[in-house]
Amino acid sequence: MTESHTKPSGMTALDVDVALFLAAQAAYAWAHRHREIDNSARPLAALSTGAAYVNRLRVDRGLPIIPVGELPTLFETPILEWLPGIDEDFSLLDEGAPTPACHDLHSSGGSGVIGRLEQSAMPKIMDSVRLTSDPQSVYVETRRFLIEHAIARSRDAFELAIRLKVPFADLYQPVAEKAQMQRRGSGPVCFPCPRCSWPMAINRKAKSVSCSRSTSCWNAGSRFRLVDGSTELQEAGGLAAPTPVSSDGMVALREGLWRYTVLPGIEELQLLDELLKIESVQARLWPDLDAYDLHVSRDQLQWRVDVKDHATPHRIATQCLKKQAVEPMFLVVPDARVSQVTYLNRVVPMDQNYTFMTCSDFVRLVRGDTR
Ligand SMILES: [Zn+2]
C-alpha cells in the first residue's frame with residue numbers, strides 16, 4: 001500500500017473544527033427530535049449535514065463512509081473512534097441526552113441564542129465602564145462580581161445593573177423552572193453548583209441533579225442524586241453536595257454570561273491565586289480592558305496569558321491560525337485538558353507566536369522550576 005492512501009491531503013484544523021461542530025449540532029438535534037413538532041425534518045437535515053462533513057474527513061484519511069442512519073449510534077461512542085483528527089475520548093450523547101461536551105460545542109457557534117445574548121450584554125457593560133473615572137478598576141470589579149455571583153440575591157443584582165446602567169434582564173433572570181423543586185412546607189428551592197454556583201439542572205426522571213451544561217463542572221464531580229421525598233442531595237461525582245437554597249429573592253446569571261464569563265473566569269481566578277503565592281510575582285487581571293486575561297511579571301520577566309477552557313482545542317487552533325499574536329502570548333488550558341496542548345503544538349506553527357501549556361506547567365515556569 002502506498003503512503004497516499006493513509007496520508008491526509010488538504011484537511012486543516014478548520015475542517016476538523018467544522019466537522020466536529022456540525023456533528024455536535026446533529027447530535028443535539030437528534031437528542032431533541034421529539035420536540036420538533038412543527039419541523040420534524042430538522043433533525044434529519046442536521047444529521048445529513050453532519051454526516052457529509054464527517055465523511056469528507058474520513059474519505060480524506062482513507063476510511064470508509066458512515067451511513068447517515070448509523071450516526072445516532074456513533075454519537076454514544078467516543079468521538080476519536082469515528083471522527084478522524086480528534087484525539088479526545090468524549091462522546092456527544094449519553095443514553096440519548098447531550099453530554100456536557102455536546103452542549104459546549106452546540107453553544108459555541110456564536111450565531112446561536114447564547115452567543116447573541118453574550119454579545120448584547122458584554123458590549124453594554126464595556127460602554128458603561130468606559131464612562132467611569134477609572135474604567136480598568138471598574139471593569140475588573142464588575143467581571144469579578146459576575147464570576148463570583150452566577151447566582152445572586154436579586155437586590156445585589158439590581159444594584160449592579162443600576163450602577164452599570166445596563167438593563168437588568170441583560171444580566172440576570174429568574175432561576176429556571178427546571179432548576180427548581182418544591183420543598184415541603186416552604187417555597188421552591190434550587191441547588192447552586194459547588195464549582196460555578198449556577199443553579200444546577202434537575203432531572204426528575206433520572207433522579208439526578210448536575211451542572212450538566214459545563215464539561216469542567218461535570219468532570220470536577222458536580223453530579224448528585226436526588227433522595228426520594230427530600231430536597232437533600234447525595235454526592236455522586238466527588239464534590240460535596242450543596243445545601244438547597246430558597247429560590248425566592250434569588251436570580252441566576254444569563255446563560256451567555258455564565259458560559260463565556262463565569263466558566264473561564266473560574267480558571268482565570270484560580271490561576272491568579274496560584275501565581276500570587278509565588279514570591280515577588282505581580283499579576284494583573286484583564287489588562288487594557290480585557291486585551292488578554294493576565295499580565296504576569298516576576299523581576300525582569302513578563303508573560304501575557306490567555307486562559308482557554310474549551311471542550312475541544314479545535315476552535316482555539318482556528319483562532320491562533322487566523323491571527324498571529326503581536327507579542328508572545330501564553331495560552332494555558334486547565335490541567336485536565338493536557339491532551340489539548342499536544343494537539344495545539346502540532347497544528348499551530350511556532351511563528352504564530354503562541355506557547356501552549358497547562359495551568360500547572362505555567363505556574364512552574366513562573367516559579368522557575370526546571371523540572
Ligand atoms: Zn457548575
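Restricting attention to the chain, lysine pairs at least eight places apart or on different chains and with alpha-carbon atoms under 19 angstrom apart total 5.
State which stretch of the chain is the longest one without any exposed GluC sites (Glu not before Pro), exposure meaning a DSSP loop state and at most 16 other Cβ atoms within 10 Å. So the longest stretch without any such site is 96-231. All other residues whose Cβ lies under 14 angstrom from that of Ser48 are scored, Lys and Arg at +1 and Asp and Glu at -1, for a net of +2. Put simply, the amide H of Met250, placed in the peptide plane, has neighbours under 5 Å in Ser154, leaving out anything fewer than 5 places away on its chain.
Using the Kyte-Doolittle scale, which helices in the chain average at least -1.0 and also have C-alpha atoms spread 24 Å or more along the helix axis, with helices defined as whole DSSP H runs?
On the way: long enough: 13-31 (27 Å, 1.28); 41-60 (29 Å, 0.17); 113-130 (26 Å, -0.01).
Span-like helices in the chain: 13-31, 41-60, 113-130.
Computed over the chain, relative contact order equals 13 percent, with contacts defined as Cα pairs under 8 Å that lie 6+ residues apart.
Scaling the Cα radius of gyration of segment 176-246 by the globular reference 2.2 N^0.38 Å produces a ratio of 0.99.
List the chymotrypsin sites (Phe, Trp or Tyr not before Pro) in segment 135-220 that DSSP assigns to loop (not H, G, I, E or B) and whose Cβ has at most 11 other Cβ atoms within 10 Å. Which are they? Please list the in-between numbers first.
Details: sites: Tyr139, Phe145, Phe158, Phe168, Tyr172, Trp218; in loops: none.
The qualifying sites: there are none.
Amide H contacts of Thr358: Val333, each under 5 Å away and 5 or more positions distant or on a separate chain (H built 1.01 Å from N in the peptide plane; Pro and chain starts excluded). Per-peptide packing, taken as the mean over residues of other Cβ atoms within 10 Å, places 220-226, 244-250, 194-200 in the sequence 194-200, 220-226, 244-250 from highest down. Taking a Cβ cut-off of under 11 Å around Pro334, the surrounding Lys, Arg, Asp and Glu residues balance to a net charge of -2, with basic ones at +1 and acidic ones at -1.
Per-residue ellipticity at 222 nm from helix content only, as computed over the chain with -39500 (n - 2.57) for each DSSP H run of at least four residues, stands at -12000 deg cm²/dmol.
Put simply, the amide H of Arg223, placed in the peptide plane, has neighbours under 5 Å in Ala236, Gly237, Gly238, Leu239, leaving out anything fewer than 5 places away on its chain. Its alpha carbons give segment 216-266 an Rg and a Dmax of 13.3, 36 Å. Model label points for Glu95 and His34, set 7 angstrom from Cα along the Cα-to-Cβ axis, are 1.4 nm apart.
Once you have all Cα-Cα distances for the chain, histogram them in 20 Å bins from zero and send the whole-percent values. The calculated distribution, bin by bin, is 25, 56, 18, 0.
Taken about its Cα centre, the chain carries a charge dipole of about 660 debye when Lys and Arg each add +1 at the Cβ and Asp and Glu each add -1 at the Cβ.
Every read-out reported here was derived from the displayed coordinates using simple, explicitly stated rules and does not represent laboratory data. Small disclaimer: the values here were computed from a predicted structure and weren't measured. A quick note on method: Cβ atoms are made from the backbone with ideal geometry, for glycine too, and the neighbour counts reach across all protein chains shown.
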